[in-house]
Amino acid sequence: MAYRREDDDNAELSFSNEPIDCCVSIVDMVGSTRITANIEASHKIGKYYSIFINNMSVIGKKFGALISKFAGDSLVLYFPQTSNKNDKRAFKNVIECGITMLAAFNFINSKMSEEGLPSAGYRISSDYGRSDIARLHRSNTYDLFGSTVNICTEINRIATPNSMVIGDNLYQIIKTFPSFLEDYLYKLAGEHSIGDLKRAYLVYSIASKYTQLRQDQLMKYDTESINKLKRQVSPIRNSSRSGNILLVDDDSDILLTYKSFLEVEGYKVNTFSDPQGALKHFAQSDPSYYDLVLLDIRMPRLNGLQLFYRMKSIEMDTKIIFVSALEAADELLSMLPGIKVDKHIIKKPIGKRPFLEKIKVMISEPLA
């Protein structure tokens, strides 16, 4: 991509000769200025921001996003693949990126707690439109300019804490993909005034249908009621049987093989070849029902990493093992919070005895 220097040869900024039509997302921390004002140690303030920004960056890159810039307590990303408005997968990645970031809320704040830091809340906004890309020569980094970034910044304020909104431009595109209407919940969140004529620009909230379903169910109970239910269920669950296991893999032969291994040992196994169906089932089940979830990594619609964050956002105590033949599985999964390569990953192919031994050890291990 060619860049032109502005004004003179010593200009710090060079703009691309070709603007790009694509999706832009902004992740902004809520109330961080007030929160950090009460943190006395300067290195703790740096830790507070780095935990948030680093985790958001890792998730963004997994969905094909490029990091445009870090602006104080916010992160600006863009998705070049969405320059093709017919690329369903590219737009799916934009939505899934935001929802996965929201699902990581518990993990980020568990890290904050480990460091003795206050919890962090955040809002996510995404939209589609034209942006100019500029290169900063001293740092050899890139930045976005234009109305799409500006509007995305403005509509971010419409989102409630720990939620995601999208602008009308993006909403009109994803409406053309029928499966998007099946997988997500949309609701008019407000409007933003654009231009001198104050034209109303509609803004929509978006959420995962099945994750939101579970959250709505939990809203009926207070924290003490939920904890009491867990205390009642857990002793019964662990004393009367080998365990309940949820197995998710798009390979039906793998499902059949592993299920037969497990059932012979007395485990009760539910299998799903459709990860979206598995998520729906998990969201509608008792939060303490499953002793262990086994996930493949590479699956259509929702991959194992996405399922990991979604299921953990529904039930933080869920034990999860990844079963994968991917060569890069160790490196890929080591970036997930709480995942240890020697403990939470089973490499395909694996024999019956070592497979069952790994399962037994994981189920018998007490919750942290």
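Structure summary
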{"item": "Filtered residues of region 128-159 (kept if of a type in the set (Val, Ile, Thr), open to solvent by less than 30 Å² (accessible area, probe 1.4 Å) and assigned to a strand (DSSP E or B))", "result": "Ile133"}
{"item": "Failed condition for Lys280, given (1) closer than 23 Å to Arg353 by Cα; (2) under 20 Å from the mean Cα position of the chain (by Cα)", "result": "(1)"}
{"item": "Residue that is surrounded by the most Cβ atoms within 10 Å (Cβ to Cβ) [pool: residues in region 160-191 that are more than 24 Å from Leu302 (Cβ to Cβ) and aliphatic (A, V, I, L, M)]", "result": "Ala189"}
{"item": "Checking Ser131 against (1) in contact with a helix residue (DSSP H, G or I) (Cβ under 9 Å, 6 or more places away or on another chain); (2) without any contact (Cβ under 8 Å) to a residue 12 or more places away in the chain; (3) not β-branched (Val, Ile, Thr), the condition it does not meet", "result": "(2)"}
{"item": "Wholly within region 1-111, strands (runs of 3 or more DSSP E) carrying at least 2 residues that are more than 17 Å from the chain's Cα centre (by Cα), touching a residue at least 40 places away in the same chain (Cβ under 8 Å) and buried (at least 16 other Cβ atoms within 10 Å of the Cβ)", "result": "13-16, 20-30"}
{"item": "Residues that are within 18 Å of Ile254 (Cα to Cα) and either part of a helix (DSSP H, G or I) or open to solvent by less than 40 Å² (accessible area, probe 1.4 Å) (or both), drawn from region 345-368", "result": "Ile345, Ile346, Gly351, Lys352, Arg353, Pro354, Phe355, Leu356, Glu357, Lys358, Ile359"}
{"item": "Condition check for Leu256: modelled with pLDDT of 90 or more and either buried (at least 19 other Cβ atoms within 10 Å of the Cβ) or over 22 Å from Lys61 (Cα atoms) (or both)", "result": "yes"}
{"item": "Filtered residue count, region 285-316, keeping only those that are among the charged types (D, E, K, R), outside any loop (DSSP other than H, G, I, E, B) and more than 21 Å from Ile108 (Cα to Cα)", "result": "0"}
{"item": "Test for Ile155: is it of a type outside the set (Ser, Thr, Tyr) and in contact with a His (Cβ under 7 Å, 6 or more places away or on another chain)", "result": "yes"}
{"item": "Condition check for Tyr221: among the hydroxyl-bearing types (Ser, Thr, Tyr), in a loop (DSSP other than H, G, I, E, B) and either modelled with pLDDT of 90 or more or open to solvent by 60 Å² or more (accessible area, probe 1.4 Å) (or both)", "result": "yes"}
{"item": "Filtered residue count, region 243-284, keeping only those that are in contact with a strand residue (DSSP E or B) (Cβ under 7 Å, 6 or more places away or on another chain), under 22 Å from Lys348 (Cα atoms) and assigned to a helix (DSSP H, G or I)", "result": "7"}
{"item": "Residue in region 325-334 that is at pLDDT 85 or above and open to solvent by 20 Å² or more (accessible area, probe 1.4 Å) present", "result": "no"}
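Residue by residue, here is whether (1) touching a residue at least 24 places away in the same chain (Cβ under 8 Å); (2) in contact with a strand residue (DSSP E or B) (Cβ under 9 Å, 6 or more places away or on another chain); (3) not β-branched (Val, Ile, Thr) holds:
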{"site": "Ser126", "(1), (2), (3)": "yes, yes, yes"}
{"site": "Val165", "(1), (2), (3)": "yes, yes, no"}
{"site": "Ile173", "(1), (2), (3)": "yes, yes, no"}
{"site": "Glu182", "(1), (2), (3)": "yes, no, yes"}
{"site": "Leu188", "(1), (2), (3)": "no, yes, yes"}
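The values are calculated or read from the model by the stated rules, or taken from the named source; none is laboratory data. No experiment lies behind these values; they were computed from the predicted model shown. Neighbour counts are summed over all protein chains in view; Cβ atoms, including those assigned to glycine, are modelled from backbone coordinates with ideal geometry. Ligands, DNA and RNA are excluded from the accessible area calculation, which covers all protein heavy atoms including side chains. Shrake-Rupley method; radii C 1.70, N 1.55, O 1.52, S 1.80 Å.
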